[in-house]
Amino acid sequence: MYIEKIKEDAKQMLQEYWVQAVIVTIVVWLLTDAFTQQRAAEISKHGMEVKGMNLANLISLILSGPLALGVAKFYMNVEAGYTVSATILGEGFSDFRRTFIFHLISTLFIVLWAILLVVPGIIAAIRYSMGYYIMAENHEIEPMEALRQSSALMEGNKMDFFRLVMSFFGWFLLSIVTMGIGFLYLVPYFQMSKLNFYRSIQYEREQIQKG
């Protein structure tokens, strides 16, 4: 698989959509990670009760699934060349049941595998990484079936996806050095590349099935 081609195509697709993609990145961060990071900092600094952190994590848990589906739909619309905005994130909440259950179950499985060893946890995360695309394209599919289909789709492709993720490691370090500003470029770049990866392995699977 040509990782560099996937990434180059991602940059080309984002050319007319960088502003919208950055806005989406900021909105998702504000609704999930920003809150939990702020609470964690307060607890560390002031010794606040742990239940404050638990509440922050609960809010993130509730919002993450619907937002992830909204993000998947956003980049699919970018791929199709449609006019897009951050309002598409709200579409995930109209499908709250499926997205919340998918996020809850996949997170549980990943954590359980990670308790055994770090590597199995990473493998589990990769295995379920295509689930939101599958649900975005199949509105009737149930969460467990989405997990199953994602696992099947990633069979034989997990190492390629790991290589794709690791190819962004330099950008990740740069984003840390720039106090997080670099993530405004990195996150859209990675999300678009991830969708391209999904399309690539989806096409390969279709060709195999055609014989």
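Structure summary
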{"quantity": "Region 137-169: number of residues that are among the basic types (Lys, Arg) and either modelled with pLDDT under 95 or surrounded by 13 or more Cβ atoms within 10 Å (Cβ to Cβ) (or both)", "calculated": "2"}
{"quantity": "Evaluation of LEU104 against (1) touching a helix residue (DSSP H, G or I) at 6+ places or on another chain (Cβ under 9 Å); (2) among the aliphatic types (A, V, I, L, M); (3) within 27 Å of GLU4 (Cβ to Cβ) (one fails), failing number", "calculated": "(3)"}
{"quantity": "Residue, nearest to the chain's Cα centre (by Cα), within region 88-101, restricted to residues that are buried (at least 18 other Cβ atoms within 10 Å of the Cβ) and within 17 Å of LEU58 (Cβ to Cβ)", "calculated": "THR99"}
{"quantity": "Leading residue by the ranking (modelled with the highest pLDDT) among those in region 32-41 that are surrounded by fewer than 17 Cβ atoms within 10 Å (Cβ to Cβ) and not polar (S, T, N, Q)", "calculated": "ASP33"}
{"quantity": "Of the criteria (1) of a type in the set (A, V, I, L, M, F, W, C); (2) at pLDDT 90 or above; (3) closer than 20 Å to MET154 by Cβ, which one PHE74 fails", "calculated": "(3)"}
{"quantity": "Test set (1) surrounded by 18 or more Cβ atoms within 10 Å (Cβ to Cβ); (2) touching a Pro at 6+ places or on another chain (Cβ under 8 Å) - ILE134 fails condition number", "calculated": "(2)"}
{"quantity": "Boolean, LEU55 is under 17 Å from the mean Cα position of the chain (by Cα) and modelled with pLDDT under 90", "calculated": "no"}
{"quantity": "Scan of region 76-92 for residues that are farther than 18 Å from THR25 by Cβ and touching a Ser or Thr at 6+ places or on another chain (Cβ under 8 Å), ordered by number", "calculated": "none"}
{"quantity": "Qualifying position, being surrounded by fewer than 18 Cβ atoms within 10 Å (Cβ to Cβ) and in contact (Cβ under 8 Å) with a residue 12 or more places away in the chain, among PHE190, PHE172, PHE183", "calculated": "PHE172"}
{"quantity": "Residues of region 172-198 classified as modelled with pLDDT under 95 and small (Gly, Ala, Ser), total", "calculated": "1"}
{"quantity": "Residue that is polar (S, T, N, Q) and more than 17 Å from GLY70 (Cβ to Cβ), where the choices are THR87, THR107", "calculated": "THR107"}
{"quantity": "Search result, residues across region 67-93 that are assigned to a helix (DSSP H, G or I) and of a type in the set (Ser, Thr, Tyr)", "calculated": "TYR75, THR87"}
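For (1) of a type in the set (A, V, I, L, M); (2) over 20 Å from ILE110 (Cβ atoms), each residue gets a yes or a no:
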{"position": "PHE162", "(1), (2)": "no, no"}
{"position": "MET166", "(1), (2)": "yes, no"}
{"position": "ILE176", "(1), (2)": "yes, yes"}
{"position": "MET179", "(1), (2)": "yes, yes"}
{"position": "PHE183", "(1), (2)": "no, yes"}
{"position": "TYR198", "(1), (2)": "no, no"}
{"position": "GLN207", "(1), (2)": "no, yes"}
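The values are calculated or read from the model by the stated rules, or taken from the named source; none is laboratory data. Treat the numbers as computed from the prediction; the structure is a model and nothing was measured. Neighbour counts are summed over all protein chains in view; Cβ atoms, including those assigned to glycine, are modelled from backbone coordinates with ideal geometry.
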